[in-house]
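Inspection log for the structure reproduced underneath, given as C-alpha cells.
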Amino acid sequence: MSFACVYTRASSGVQAYLVTVEIHLSNGLPQLNIVGLAETEVKESRERVRSALLNTHFEFPTRRITVSLAPADLPKQGSRFDLPIALGILAASNQLPGANLQAYEFVGELALSGELRAVHGIVPSVLAAQQANKIMIVPMANAVEASLVSRPNALLSAENILQVCAHLTGQKILTPYLVDKPKTIVPDAPDLAQVYGQPHAKRALKIAAAGRHHLLMRGPPGSGKTMLAQRLRGLMPVLTDHEALETAAIYSISRRSLDWKTWKQRPLRTPHHSASSVALVGGGNPPRPGEISLAHNGILFLDELPQFNRHVLDALREPLESGCITLSRAAHQAQFLADFQFIAAMNPCPCGYWSAHEPIHCRCSPEQILRYQKQISGPLLDRIDIQIEVPRLAVKQFLEVEQPKEETSAQIRAIVTRAWDIQIKRQNKLNNQLSGEEIQKLCCLSASDRQLLGTAITRLNLSARAYHRTLRLARTIADLSAMQSIQTDHLTEALSYRPIPNILKA
Ligand SMILES: [Zn+2]
C-alpha cells in the first residue's frame, strides 16, 4: 500500500475541526510536499518528521511523498501535525498497519530524536475527539491539561513516537494517565472577614455576587477597594462542569497552563492600566483571546479605571452587552466567549483625596477633576449596575479593642448560592442576563413603585438601559431575601446604587 490516512484536529479559536492527513507515496524524485493551506510551522514539519523517523530507526521512504491536510480551505498552524504526518508515512510505507490507526486521533510535535513535545490548545481537540468517539493520543507533556476535560478511556499519552507505534501494533499498550481529582472544590480566594468595616461596600459586593452585576467602587487610596474586589469570587459558587470546560478551552488556546489547582475556580483577571486594546479584548493573527475572554465566567477587575486608555475602555462596551467578542483578521475569524463580571475601582480625583465631607485634603483643580472623570464615558458608566463610594476607615475604627464579628465568605456564599438557585429555577439564568421581555414578566412592580421608579428616572436622567439594569438589580436584591416579588425597599436600594453624583455638583 502506498496510501494512508490519519486523523487529527486543527486549532481554530475554541473550535477544533477534524483534519484528515492523507499520505501518498509515488515514484519520482525523493521529496516531501505538504499541501492544504499549511503555514510555515506546518511546512517545517518535513524536517522534524524526517529526522525523528531516522533517529528512531524507522526507514524514511526515498520516494515522492505527498501530504494533504484536508479540508484544504481551513488554515492550519502549529507543529501539532508532526505526529499524524509521521504515522501516516509509516503506514503508507507498510512499517505500521494502517487499519489500526482508524480508531484514533493524534496531536503532537516531534523532536528530532522522536520524543513528543507539548502543543498549545489541546483542550478543544480532546473535547472534539471525545465527541466523535475517537481515542486521542497526545504528548505526555499535555497529559495533565488534557485529563482535566477527558473521559479516562478516551485519552492516552506517550513520551515518544516509539511508544505510539508499540501501542498501535499491540506490542506494548499505553496505560491511561491517572490523576488525583480533588473530591470537593471550594473557591480559592481570601476571606471577606479579613476586611474590617465597610458594611456598605460589603453589602454591595454581596448583591454583585448574587446576580453577577457589574460594580464600580470609588474611594481614596488605602480604602480597601482592591482587597474587596479580590474577595468577590470567594462569595460565589465554583464553576459548573459546563462553565469549567468553556473556561479550560479558552485558557488552553491562549497558552496558559491548566491544572487541578485552578480547575473550576472562577477566573479573576486584573490587567494593568497600560494594557492595549488587543491585550484586553483579544486580537492578533491568528486571533487570540484577550483578558475579557480569560475572565469568561469570572471577574475582570480594572483598578485605577481612569488611567486606562479611553478607546481601550470603550472596546468593552460591546462584549459587556453581548457576552462574546468576534475578531476578524485577514484569513481568520474567531468568536470568543466573554461573559465577564466587570469590577472597577477608581480614586475620586487625580490626587485621590477628594471627599464630599473633607474636600480640603484635595490638591486638584476642578478642571483636573473633570478631565479625570471624563476618562470614563457615559455609555460605559451606564452599563455598571452598582456604583458605590468606599470611604477611608477612621483611625479609631482600627484601634477598637473588640473588632465586631464579620460575616465570612463561606457564610455569604451560602446565601448567594441560595439566590442563584432561585434564579436558575425560575428563569434558567442569572438576573444579569434577563432580556427586556423577561424583565417585564419577572420584575413586576406595584403601582406606587412604578411611579417611584418613573420619578427617579426623570430626576436621575436615566437611560432606557439604566432602567432595565435597575430592575434586574432590584430583582436580585429581592432574591437575596428570597422574596417572590420586588418590594419598595428592594427598588430604593437598587436605585441608591445607580448614580455616583458628579462630585463637582455635590
Ligand atoms: Zn484631588
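Just to verify a result, which residue in segment 133-169, among those that are assigned to a loop (DSSP other than H, G, I, E, B) and under 25 Å from the mean Cα position of the chain (by Cα), is farthest from LEU116 (Cα to Cα)?
The extreme case among them is ARG151.
Do we find that ALA141 is closer than 24 Å to ILE89 by Cβ and without any contact (Cβ under 8 Å) to a residue 24 or more places away in the chain in this structure?
no
ILE207 passes all but one of (1) surrounded by fewer than 16 Cβ atoms within 10 Å (Cβ to Cβ); (2) closer than 27 Å to THR240 by Cα; (3) β-branched (Val, Ile, Thr); which number fails?
Condition (1) is where ILE207 drops out.
Got at least one residue in segment 22-29 being within 27 Å of ALA146 (Cα to Cα), in contact with a Gly (Cβ under 7 Å, 6 or more places away or on another chain) and of a type in the set (D, E, K, R)?
No, every residue in segment 22-29 fails to be within 27 Å of ALA146 (Cα to Cα), in contact with a Gly (Cβ under 7 Å, 6 or more places away or on another chain) and of a type in the set (D, E, K, R).
Take the residues in segment 115-131 that are more than 19 Å from GLY13 (Cα to Cα) and touching a residue at least 40 places away in the same chain (Cβ under 8 Å), then tell me which one is nearest to the chain's Cα centre (by Cα).
Applying the filter and picking the extreme gives LEU116.
Does SER113 meet the test of being of a type outside the set (A, V, I, L, M, F, W, C), modelled with pLDDT of 90 or more and touching a strand residue (DSSP E or B) at 6+ places or on another chain (Cβ under 6 Å)?
no
Tell me, which residue of segment 170-199 that is of a type in the set (Val, Ile, Thr) and touching a residue at least 24 places away in the same chain (Cβ under 8 Å) is farthest from MET236 (Cα to Cα)?
VAL179
Anything in segment 54-82 that is outside any loop (DSSP other than H, G, I, E, B) and farther than 18 Å from PHE3 by Cα? List them, or say none.
LEU54, ASN55, LYS76
Can you find, within segment 15-25, the residue that is modelled with the lowest pLDDT among those that are closer than 24 Å to THR247 by Cβ and surrounded by fewer than 24 Cβ atoms within 10 Å (Cβ to Cβ)?
The residue in question is GLN15.
Specify which of the listed residues (ALA456, ALA419) is buried (at least 18 other Cβ atoms within 10 Å of the Cβ), modelled with pLDDT under 90 and in contact with a helix residue (DSSP H, G or I) (Cβ under 9 Å, 6 or more places away or on another chain).
ALA456
Report yes if some residue within segment 236-256 is more than 17 Å from the chain's Cα centre (by Cα) and among the small types (Gly, Ala, Ser); otherwise report no.
Looking through segment 236-256, none of the residues is more than 17 Å from the chain's Cα centre (by Cα) and among the small types (Gly, Ala, Ser).
The values are calculated or read from the model by the stated rules, or taken from the named source; none is laboratory data. Only a predicted model underlies this, so the values are computations on that prediction, with no experimental measurement involved. A quick note on method: Cβ atoms are made from the backbone with ideal geometry, for glycine too, and the neighbour counts reach across all protein chains shown.
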